[in-house]
Amino acid sequence: MCSVASCLLLLFVASCGAASSTPQPTAVQQNPPSHLLYVAIGASDTFGLGADDPQTENWAADLARELGSSTRLINLGIPGITLHQALNLELPVALDTHPNLITIWLAVNDIGNFVTPASYARDLETLLSHLQSADPQARIAVANVPDLHLLPYFEQRYDQSYLSAQIQAYNAIIAAAASRHHILLVDLYNQWQTLRNHPEYLSGDGFHPSTIGYQQIANLFYQTLRQAR
């Protein structure tokens, strides 16, 4: 597997709520057509922070293993990145690789950085339009915002009414975009409510999933992809 994340480890010197200086992901060669080329667009969760071994135990790596040995993963996750920043740092690499499968999980940092729903909606439309224009046959799955009320990090640092309003607004935007672009929606908000009864799914920072938590998220992506076949 190829992981851009391993080249970005020095980036995470502060919390994932800010990404003021992020390196450009390096370009990669295209995969042989007989293989499934999978590109993961995301932030610190896609990078794997909170896992025992972030490079091999992030949810995208777990998903790639579930998809089979012919899958080649290019993990573009950058800790702290917002969707708007990803348009400059991750989207160009995704366009250059011409993948067969693309996953997108980029919203939590936007909420944490008080990005307005309108701005987020514009950026999501830009991202999806560019991806589909470059590779109309690629399968795309986008995840929504999980229930952040279940995360101690957000419970301690954010006004809960603000959080509820943002989660609702963002998830409505993501659902509408998925329907409009005919792509798959991974409903983490409803399907990861099991987190209530499984504190072991979270790492010690109260924000990122643990190794076993990433396995659960990967399975939710996998089941969505499988059901859509």
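Only the coordinates and a few stated rules stand behind these numbers; no lab work does. Model, not experiment: these values are computed from the prediction. FYI the Cβ positions are ideal-geometry reconstructions off the backbone, even for glycines, and counts take in every protein chain you see.
Give me a count of the residues in the stretch 176-193 that are assigned to a helix (DSSP H, G or I) and either within 14 Å of I217 (Cα to Cα) or among the acidic types (D, E) (or both).
In the first step, residues of the stretch 176-193 are kept if they are assigned to a helix (DSSP H, G or I); the result is 176-181, 188-191, 193.
Adding the requirement that they be either within 14 Å of I217 (Cα to Cα) or among the acidic types (D, E) (or both) leaves 188-191, 193.
The number of residues fulfilling the criteria is 5.
As for the stretch 159-175, it holds at least one residue that is assigned to a helix (DSSP H, G or I), out of contact with any helix residue (DSSP H, G or I) (no Cβ under 9 Å at 6 or more places or on another chain), of a type in the set (S, T, N, Q) and within 14 Å of D110 (Cα to Cα). In the list Y170, Y158, which residue meets the criterion of being more than 18 Å from A118 (Cβ to Cβ), hydroxyl-bearing (S, T, Y), surrounded by 14 or more Cβ atoms within 10 Å (Cβ to Cβ) and in contact (Cβ under 8 Å) with a residue 24 or more places away in the chain? Y158 is the lone residue from the list that is more than 18 Å from A118 (Cβ to Cβ), hydroxyl-bearing (S, T, Y), surrounded by 14 or more Cβ atoms within 10 Å (Cβ to Cβ) and in contact (Cβ under 8 Å) with a residue 24 or more places away in the chain. Going through the stretch 194-222 one residue at a time, which ones are in contact with a Leu (Cβ under 8 Å, 6 or more places away or on another chain) and either hydroxyl-bearing (S, T, Y) or assigned to a helix (DSSP H, G or I) (or both)? Residues satisfying the conditions are L195, R196, Y201, S203, S210, G213, I217, A218, L220, F221, Y222.
For the stretch 131-155, how many residues are under 18 Å from G213 (Cα atoms), surrounded by fewer than 17 Cβ atoms within 10 Å (Cβ to Cβ) and of a type in the set (G, A, S)? Here the count works out to 0.
Residue count for the stretch 52-81, restricted to those that are in a loop (DSSP other than H, G, I, E, B) and crowded, with 24+ Cβ neighbours inside 10 Å: 7.
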